[in-house]
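The structure that follows is given in the form of structure tokens.
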Amino acid sequence: MAEEDKILEESYDVVVVGAGHAGCEAALACARLGLDTIMFTVSVDSIALMPCNPNIGGSSKGHLVRELDALGGEMGKNIDKTFIQSKMLNRSKGPAVHSLRAQADKQSYTGEMRRTLENTEHLTIRQAEVSEIETEGDRIVGIGTVSGARYRCRAVVLATGVYLRARCIFGNVSNPTGPNGLQAATHLTDSLKAHGIAMYRFKTGTPARVDGRSIDFSKMEEQFGDERIVPFSFTTDPDDIQREQVSCWLTYTNEETHRIIRENLDRSPLFSGFIEGTGPRYCPSIEDKVVRFADKERHQVFIEPEGEYTNEMYLGGMSSSLPEDVQHAMYRTVPGLENVKIVRNAYAIEYDCIDARQLYPTLEFRNIKGLFSGGQFNGSSGYEEAAVQGFMAGVNAARSVRGQEGIVLDRSQAYIGVLIDDLVTKESHEPYRMMTSRAEYRLLLRQDNADLRLTQIGHEIGLIDEERYRKLLEKKELIREEIRRLEGTAVGGTEKIQRFLEKSGSTLLKNGVTLAELVKRPELSYEALGEIDEGRPSLPPAVREQVEIDLKYEGYLKRQESQVRQFKKLEGKRLPEDFDYEAIKGLRKEAMQKLNQLRPVNIGQASRISGVSPADISVLLVYLEQRKNY
């Protein structure tokens, strides 16, 4: 072979394509499980990049981060090191919807994650654009880069985020780049299509970043963090992260803002057809809000710092793809932004992603063994949704290399299970966003008990060490013992207790009750009862919290546990891979087509496919029973 014809060839166990939140979690999971792993990125500077909002967590998303941490992921630990403000949302509501949200210092967040990756054994980072996947028969065997290099491997995780054939758009300006002007990945789509993978074109957007020195904060409402900071990671000591926090600010659009937007809709690429991709319904641009909610007089605008040592501020709630001059005019109508100076224009970004119904619940492609997919490439939106998918794809890629069965979390086990099941089962015509309302068993799937639900699974996977697992078992035992003590401790109507109840606005005692029964009273709490609970042991705050919730919501929890048992029965009824649904008499034609197309792994998944009715499920159950008897 001539000298100029030589190409670089290397071999790894796992290749991860992309270094965003999904790619980082996938690569860390594989490497920590001892597999020789290489992670590709179009720019090393884009590792764990936050191209949009500068925060982690939020409603339902906080649940995902807590679950990821319980399984052995990194995002929770990383934000605990780099947050500048932290707040527990929805405290006035029940514990099922409490969600932690933290503002991040963007530079610190990416820097800390990069430091973690660079110091992880078995992990190599490579800046190069992956241009093709290589298969032999129906199995992945490697990838190729634009430079012609070849990397042989036994599994690949695709976590390309919003970079595939990306273009950033505002007004009539279209730049063929990824977010923040970074290089797009322009070649891989053709290879994926050539391997029979169906693609979508989706869109998301981001608001302008502005100079904080040009903002009049006196016209805005200051937003503070929590007085007592709660960490994301169950391994973070709360006492270690109590710190002075940076403020955020709240202001509002007005009729003048809306007038400018309406008068320039003909110049908006969103409405002119210049933007082809489908955007997220639950995170609309400001021009979309003004059109869809025409009767609303104002919309919230959150002014959020991009970091502790920068004046750059993020205008949350005002993402846009309007032309540059319109952006300047509309932003300056908002109270406090009258003289604002834009650092980076708002823009929309279009990108290629897949129809995730091509994946098994393990996130492996149905038609290519060893090829896995995670993150926004699967048609989702958000850093947190991306991270948990990347983690699960990485874990299952590692297990496939080792010849182990994949790990699938079902809808009763985790928000992660709800997210992945929705993506691989339901048709999605827009970027998917996690919400608490999507989880049927959300009273059981709280962010406070993620460790109790999932740390054992993380230990079985191999990403939770013995010490952490031992602490979990101790915590479970402390909770059980304390509930047992409260249920076995009777109190009567002594003067001290009656005085306490009267002071608390609670009904006085006529007969003896247990302390557990008093905890269940709406106006009382486990903490308050410490005043009359003379035998109370000293317990960690996390244990006390679980005792309170388990007792106060006992009836609701038992009801959901009963529903989960019914759900598990359907999930346990497996459907053969080679099932010919057209041979089953009684199924409606639409159901036959959908079932043959998606090929659900069990009756439960079949029941969640759009176009498959309860009557179709009954027919399937009867058929399965008859088949079993032959």
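The values are calculated or read from the model by the stated rules, or taken from the named source; none is laboratory data. Here the structure is a predicted model, which is why all the values come from computation and not from measurement. Note: ideal-geometry Cβ built from the backbone for every residue, glycine included; neighbour counts use all protein chains shown. All accessible areas refer to the heavy atoms of the entire protein, side chains included, with ligands and DNA or RNA removed. Shrake-Rupley method; radii C 1.70, N 1.55, O 1.52, S 1.80 Å.
Output the residues belonging to segment 367-413 that are among the acidic types (Asp, Glu) and either over 18 Å from Arg433 (Cβ atoms) or open to solvent by 10 Å² or more (accessible area, probe 1.4 Å) (or both).
Glu405, Asp410
Of all residues in segment 149-165, count the ones that are touching a Leu at 6+ places or on another chain (Cβ under 8 Å) and open to solvent by less than 20 Å² (accessible area, probe 1.4 Å).
Here the count works out to 6.
Do you know which of the residues in segment 115-148 that are in a loop (DSSP other than H, G, I, E, B) and of a type in the set (D, E, K, R) is surrounded by the most Cβ atoms within 10 Å (Cβ to Cβ)?
Looking at residues that are in a loop (DSSP other than H, G, I, E, B) and of a type in the set (D, E, K, R), I get Glu129.
Oh, and also: Determine whether segment 476-492 contains at least one residue that is assigned to a loop (DSSP other than H, G, I, E, B) and either under 18 Å from Thr235 (Cβ atoms) or out of contact with any Ser or Thr (no Cβ under 9 Å at 6 or more places or on another chain) (or both).
Pass one, segment 476-492, residues assigned to a loop (DSSP other than H, G, I, E, B): 488-489, 492.
Okay, now just the ones that are also either under 18 Å from Thr235 (Cβ atoms) or out of contact with any Ser or Thr (no Cβ under 9 Å at 6 or more places or on another chain) (or both), so 492.
Looking through segment 476-492, at least one residue is assigned to a loop (DSSP other than H, G, I, E, B) and either under 18 Å from Thr235 (Cβ atoms) or out of contact with any Ser or Thr (no Cβ under 9 Å at 6 or more places or on another chain) (or both).
Within segment 84-106, can you find the residues that are part of a strand (DSSP E or B), of a type outside the set (Ser, Thr, Tyr) and either open to solvent by less than 10 Å² (accessible area, probe 1.4 Å) or touching a residue at least 60 places away in the same chain (Cβ under 8 Å) (or both)?
Selection gives Ile84, Gln85, Lys87, Met88, Leu100, Ala102, Gln103, Ala104.
Right, next: In this structure, is Phe232 touching a Gly at 6+ places or on another chain (Cβ under 6 Å) and touching a residue at least 12 places away in the same chain (Cβ under 8 Å)?
yes
Taking segment 9-20 only, how many residues are open to solvent by 20 Å² or more (accessible area, probe 1.4 Å) and not in a strand (DSSP E or B)?
3
Does segment 80-87 contain at least one residue that is over 18 Å from Asp240 (Cβ atoms), at pLDDT 95 or above and of a type outside the set (Gly, Ala, Ser)?
Yes: segment 80-87 contains one or more residues that are over 18 Å from Asp240 (Cβ atoms), at pLDDT 95 or above and of a type outside the set (Gly, Ala, Ser).
Follow-up. Being within 20 Å of Gly394 (Cβ to Cβ) and open to solvent by 10 Å² or more (accessible area, probe 1.4 Å) is the filter here; which residues of segment 47-70 pass it?
Across segment 47-70, the qualifying residues are Leu49, Lys61, Arg66.
I want to confirm something. Restricting to segment 582-625 and keeping residues that are farther than 26 Å from Glu364 by Cα, in a loop (DSSP other than H, G, I, E, B) and among the basic types (Lys, Arg), which single residue is least open to solvent (accessible area, probe 1.4 Å)?
Arg588
Just to confirm my filter: which strands (runs of 3 or more DSSP E) fall fully inside segment 186-277 and include at least 1 residues that are touching a Cys at 6+ places or on another chain (Cβ under 9 Å) and within 30 Å of Glu132 (Cα to Cα)?
Passing ranges, in order: 199-206.
Additional query: Give the residue, chosen from Arg213, Arg209, that is closer than 30 Å to Thr177 by Cα, modelled with pLDDT of 95 or more and open to solvent by 40 Å² or more (accessible area, probe 1.4 Å). Outline the logic, then answer.
On the way: Arg209 fails: open to solvent by 40 Å² or more (accessible area, probe 1.4 Å).
Criteria check complete, one pass: Arg213.
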